[in-house]
Amino acid sequence: MTEIAHAERAHALLSASGASRWLQCTPSARLEATLPDSESEAAKRGTLAHEIAELKLQKLFSGLTTRKYNATLKKYKADELYEPIMEDHTNAYLDYIQSIVHQFPSPPFVAIERRVDLTDFVPESFGTSDCIIIGSGRLHVIDYKNGQGVPVSAENNSQMKLYALGAYKAFSLLFPIESVHVAIVQPKVWNEPSEWSLSAADLLSWGESIKPIAQAAFDGQGDYVPGSHCGFCRAKATCRVRVEQIMEAGTKAPMKPPLLSWEEAADVLKRAEGIVGWYNELKKLALAETLKGGIVPGWKAVEGRGSREYADLDAAFAYLKRKGIEEAVLYDRKPLTPPQLENALTKKVYKELLAESGHVITRSGAPTLAPEDDKRPGITNQVNPEDVFGPAPEPPQTNN
């Protein structure tokens, strides 16, 4: 049995996608509501990928005709934001859902793009779950994410738990549900979907525990609490509490001269994380303000470095050839990198023709510093640091 819902991608004040923010910084939702929202190109591309993924699920589970499927997919492929690699990524999502469905002894119930009601736990809240699968006492909630900038884990994920609560409310009277399994398919980040499970009783207990927090967030009450959850907040560049925290980073006293200890350095790294991104975001906002006639004391908008372009490329090059300029001078031929070629060919063709033929060598990336809770395994002594970064500075001293 399959249910297809075509819910508009609207957002509640306390949206499931923003739960990681308003559960920790309760006044943030009301503050964000006062600020303009702009959809990035990456977000628009993600929406297109979601529509392709939904189309493939409709064909598989709802009997969408091949003719209708091909016509709609052709329309999506004509979109300027379409990338051939979307085929691979949405196929990975489809394959994962099929693998879950095949685990059941009999065909489970499948709901696609289901709008779920969250008001039992969060005031005036709702969300749209990409895929819900129910059967044999199990509830599966699966989410597709097209981004690659921020890896999203399913473990204890607030958004996924809220979707699961909404699914439980919608279907628990029709289907017995004892265990809940959430998964995030993010092909640009994870080779395999991120999965996490809990009992239905634990899910409902968590839902009850967040009720007072959600009410405070709906009322705009509580303290502003900056942290890693600020990443997608519309107020992140100008939130006073966050700015004060950033500006104070690295000034914690007492510190013994002349050099920091590694313990102090670790603390400064943690406190100062995000300074560069915040500064650049604040500069963009200040530029926009000056361009519309606002005053940012001590700053002004100026014209940046200009650029040149051909009035008519074909006409310009034809003229140069008539004047005796060789065609080889006019073009710079560069081979596509393996990642670029994978996007152009699709992952399947790339794998068959290049990856499996030994024509591509995969090398490890340069070491990078990451928080201790990062999912990647730690490494030591893999390379000589001076070969990568040059001579090392004097190490911090240990304070006694």
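Observations
- Checking each residue in the range 118-161 for being under 16 Å from the mean Cα position of the chain (by Cα), closer than 11 Å to residue 183 by Cα and of a type in the set (A, V, I, L, M) picks out 142, 152, 154, 160.
- Residue that is farthest from residue 102 (Cα to Cα), among those in the range 46-65 that are in a helix (DSSP H, G or I) and aliphatic (A, V, I, L, M): 48
- When the range 132-176 is filtered for residues that are assigned to a strand (DSSP E or B) and in contact with a His (Cβ under 8 Å, 6 or more places away or on another chain), the ones remaining, listed by number, are 132, 133, 134, 138, 139, 140, 141, 144.
- The set of residues in the range 42-82 being farther than 20 Å from residue 143 by Cα and of a type in the set (Asp, Glu) consists of 79, 80.
Condition check ((1) at pLDDT below 95; (2) charged (D, E, K, R); (3) surrounded by 12 or more Cβ atoms within 10 Å (Cβ to Cβ)) across all residues:
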| position | (1), (2), (3) |
| --- | --- |
| 17 | yes, no, yes |
| 34 | yes, no, no |
| 40 | yes, no, no |
| 67 | yes, yes, no |
| 77 | yes, yes, yes |
| 81 | yes, no, yes |
| 86 | yes, no, yes |
| 97 | no, no, yes |
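- Those residues of the range 213-240 which are modelled with pLDDT under 95 and polar (S, T, N, Q), in sequence order: 228, 238
Conditions (1) touching a residue at least 12 places away in the same chain (Cβ under 8 Å); (2) within 23 Å of residue 279 (Cβ to Cβ); (3) assigned by TED's automatic domain parsing to the domain that holds residue 96, marked per residue:
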site	(1), (2), (3)
165	yes, no, yes
171	yes, no, yes
182	yes, no, yes
194	yes, no, yes
213	yes, no, yes
224	yes, yes, no
229	yes, yes, no
241	yes, yes, no
247	no, yes, no
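- Residue that is farthest from the chain's Cα centre (by Cα) [pool: residues in the range 318-339 that are exposed (fewer than 11 other Cβ atoms within 10 Å of the Cβ), not aliphatic (A, V, I, L, M) and not in a loop (DSSP other than H, G, I, E, B)]: 322
- Restricting attention to the range 66-122, the residues that are among the small types (Gly, Ala, Ser), in a loop (DSSP other than H, G, I, E, B) and free of Cβ contacts under 8 Å to residues at least 12 places away in the same chain add up to 1.
- Residues (touching a helix residue (DSSP H, G or I) at 6+ places or on another chain (Cβ under 6 Å) and of a type in the set (Ser, Thr, Tyr)) located in the range 56-81: 69, 72, 76
- So residue 197, is it touching an Asp or Glu at 6+ places or on another chain (Cβ under 9 Å) and under 28 Å from residue 49 (Cα atoms): no
- Residue in the range 100-153 that is surrounded by the fewest Cβ atoms within 10 Å (Cβ to Cβ), counting only those that are of a type in the set (S, T, N, Q) and more than 20 Å from residue 185 (Cα to Cα): 106
- Among the residues of the range 198-208, those identified as crowded, with 16+ Cβ neighbours inside 10 Å and either touching a strand residue (DSSP E or B) at 6+ places or on another chain (Cβ under 7 Å) or hydrophobic (A, V, I, L, M, F, W, C) (or both) are 198, 200, 203, 204, 206.
- The set of residues in the range 289-315 being of a type outside the set (Ser, Thr, Tyr) and surrounded by 12 or more Cβ atoms within 10 Å (Cβ to Cβ) consists of 289, 296, 299, 301.
To keep it simple, each residue is scored yes or no on (1) modelled with pLDDT under 95; (2) under 22 Å from the mean Cα position of the chain (by Cα).
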residue: 163; (1), (2): no, yes
residue: 180; (1), (2): no, no
residue: 184; (1), (2): no, yes
residue: 188; (1), (2): yes, yes
residue: 198; (1), (2): no, no
residue: 203; (1), (2): no, no
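Here's the yes/no breakdown for (1) assigned by TED's automatic domain parsing to the domain that holds residue 269; (2) without any contact (Cβ under 8 Å) to a residue 40 or more places away in the chain; (3) of a type in the set (Lys, Arg):
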| position | (1), (2), (3) |
| --- | --- |
| 297 | no, yes, no |
| 301 | no, yes, no |
| 307 | no, yes, no |
| 338 | no, yes, no |
| 342 | no, no, no |
| 349 | no, yes, no |
| 352 | no, yes, no |
| 363 | no, yes, yes |
| 366 | no, yes, no |
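The values are calculated or read from the model by the stated rules, or taken from the named source; none is laboratory data. Just so it is clear, the structure is predicted and the values come from calculations on it, not from any experiment. Every residue, glycine among them, receives a Cβ derived from its backbone with ideal geometry; neighbour counts consider all protein chains shown.
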